[in-house]
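Participant: The structure is given below, and queries will be raised subsequently.
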Amino acid sequence: MPIQFTTDDSPGHRRLAFWQDIVCDVFVGLDCKSDLGSAFRGSVTRAPLGKAECSEVCSDRQHVLRTPSRIARSDQDFILIALGNRGTGGVVQDGREAVVHPGEFALYDTTRPYELKFDGTFTQTIFKVPREMLQRRLGATETLTATSFGPDSPLQRIAYDFIYRLCQSADQIDPHHAAALSEQAVDVLAMALGERLGKTPLPSSTHRSALLYRLKAHIRAHLADPDLSLSETAAALGISSRYVNDLLADADTSFQRYVLGERLTQCRRDLASPVLAHRHISEIAFAWGFNDVSHFGRVFREHFGMSPRDFRQSESRH
């Protein structure tokens, strides 16, 4: 990501004030303090990624505050995931404090007060996502803020590596692919966070949300299997078939409707992709678990208002 904002061109006595303007513009309304005065330096890069945004912050030591008064003047509703690259940083929120070392990440929520503490020069990659993107996968995240996630867990290491590398290339990714990749990044993140949720005592509503996420993740991982069934899915999660449908009822759907909707969404995405224009419609349908082309064509038309062929032709003209 190319540098977009830097204090280097600002007069020494204005650098900290200019830095506060930068971080408020790139992230959310914040108060920044540093004892370095005119010696303070910092830079921020930024690139959009679908509904999300990637940034890299390189800065000297500072203390950052998201205060109640700042929140009251703002309608910004994001989760920020801070990935440590160089140096260390502290995150304080919801009565907890975490230290983020290189290779680790932590998250904080812009709708509640938080503090960021940096005792020396540091570099962090920040993945900013609308809060609803994570909540619809995982439910409440209040028990996960200001908690460090590190390389000791394979899922957490994968989440860090995927998001970090994605952000490094964000400005080079086609917008169509960027939207899909941002959703995949949040999927991977939610899976890593869900693993942590499964290991800590939770309120029943939060546990239910985490279980619903794991249910949906299992379905998405097995969409290509035409034999994906309610009973097999329930057994894989260690719950009853009735409870599977009870969980999905929270999202106003059922197992069969959710599977069909996810398969149709994936087929629609592939039919719209220029990269897959050489693949037959039937190949795409079979790749996502359909085993009857006529049935696929019928349900596709019911959901999207046109046949798969007409949809593909309309997308190719855009």
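Participant: When only C-alpha pairs under 8 Å and at least 6 residues apart count, what is the relative contact order of the stretch 1-42, in percent?
Facilitator: 47 percent
Participant: Right, something else. Would you mind working out the accessible area per residue for the stretch 31-140, using a 1.4 Å probe, and quoting it in Å²?
Facilitator: Per-residue accessible area for the stretch 31-140 comes out at 38 Å².
Participant: Can you figure out the FRET efficiency of S254 with D77, using R₀ = 30 Å and their beta-carbon distance, to the nearest 0.05?
Facilitator: 0.50
Participant: Using alpha carbons only, how many angstrom separate the centre of the stretch 233-273 from the centre of the stretch 91-124?
Facilitator: What the calculation gives is 35 Å, centre to centre.
Participant: Right, here's the next one. Enumerate the residues in the stretch 104-134 having an amide nitrogen under 14 Å from the point lying 7 Å beyond the Cα of L65 toward its Cβ.
Facilitator: 113-117
Participant: Still on this structure, please answer the following. Quote the charge dipole size of the chain about the Cα centre in Debye, to the nearest 20; the model charges only the Cβ of Lys and Arg (+1) and of Asp and Glu (-1).
Facilitator: So the dipole magnitude of the chain works out to roughly 240 debye.
Participant: Something else about it: Within the stretch 254-276, list the residues whose amide N lies under 20 Å from a label point set 7 Å along Cα→Cβ of H177.
Facilitator: The answer is 266-276, whose backbone nitrogens lie closer than 20 Å to the label point.
Participant: Could you work out the relative contact order of the stretch 172-318, using alpha carbon pairs under 8 angstrom and six or more residues apart, expressed as a whole percent?
Facilitator: 18 percent
Participant: Output the lone cysteines of the chain: those with no second cysteine's C-beta under 4.7 Å from their C-beta.
Facilitator: Result for the chain is C24, C32, C58, C267, no neighbouring Cys Cβ within the cutoff.
Participant: On the accessible surface of the stretch 206-310, probed at 1.4 Å, how many percent belong to carbon and sulfur atoms?
Facilitator: Carbon and sulfur: 50 percent of the exposed surface of the stretch 206-310.
Participant: Let me ask something additional. Give the Debye-formula value of log10 I(q)/I(0) at each listed q (0.18 Å⁻¹), with one equal scatterer per alpha carbon of the stretch 111-194, two decimals each.
Facilitator: Calculated log10 I(q)/I(0) at the listed q: -0.92.
Participant: So the label point goes 7 Å from the Cα of D21 along Cα→C-beta, right? Which residues of the stretch 116-141 then have their backbone N under 19 Å from it?
Facilitator: The answer is none, because no backbone nitrogen lies closer than 19 Å to the label point.
Participant: Below 8 Å between Cα atoms, with a sequence gap of 6+, how large is the relative contact order for the chain in percent?
Facilitator: Normalised by residue count, the contact order of the chain is 13 percent.
Participant: Grab the other residues whose beta carbon is less than 12 angstrom from that of V259, score K and R as +1, D and E as -1, and report the net.
Facilitator: 0
Participant: In addition: What are the semi-axes of the equivalent ellipsoid of the stretch 200-318, taken as the square roots of 5 times the eigenvalues of the Cα gyration tensor, listed largest first and rounded to whole Å?
Facilitator: Output for the stretch 200-318: semi-axes of 31, 14, 13 Å.
Participant: Which length gain, in nm to one decimal place, applies between R208 and S314 when the Cα-Cα distance is subtracted from 0.36 nm times their residue separation?
Facilitator: 34.1 nm is the gain from fully extending R208 to S314.
Participant: Using a Förster distance of 25 Å, how high is the FRET efficiency between Q135 and D246, based on the Cβ-Cβ distance and rounded to 0.05?
Facilitator: Using R0 = 25 Å, I get an efficiency of 0.80.
Participant: Nearest 0.05, what FRET efficiency do R165 and V99 give at R0 = 30 Å with Cβ-Cβ as r?
Facilitator: 0.80
Participant: What are the membrane-span-like helices in the chain by this rule: whole DSSP H runs, Cα extent along the axis at least 15 Å, mean Kyte-Doolittle hydropathy at least -0.5?
Facilitator: Helices passing the filter in the chain: 15-26, 154-168, 175-197, 204-221, 293-304.
The values are calculated or read from the model by the stated rules, or taken from the named source; none is laboratory data. Quick caveat, the model's predicted, so the values are computed rather than measured. Cβ sites come from the backbone with ideal geometry, for glycine too, and all protein chains shown count toward neighbours. In case anyone asks, the SASA skips ligands and DNA or RNA and just uses the protein heavy atoms, side chains included. Shrake-Rupley method; radii C 1.70, N 1.55, O 1.52, S 1.80 Å.
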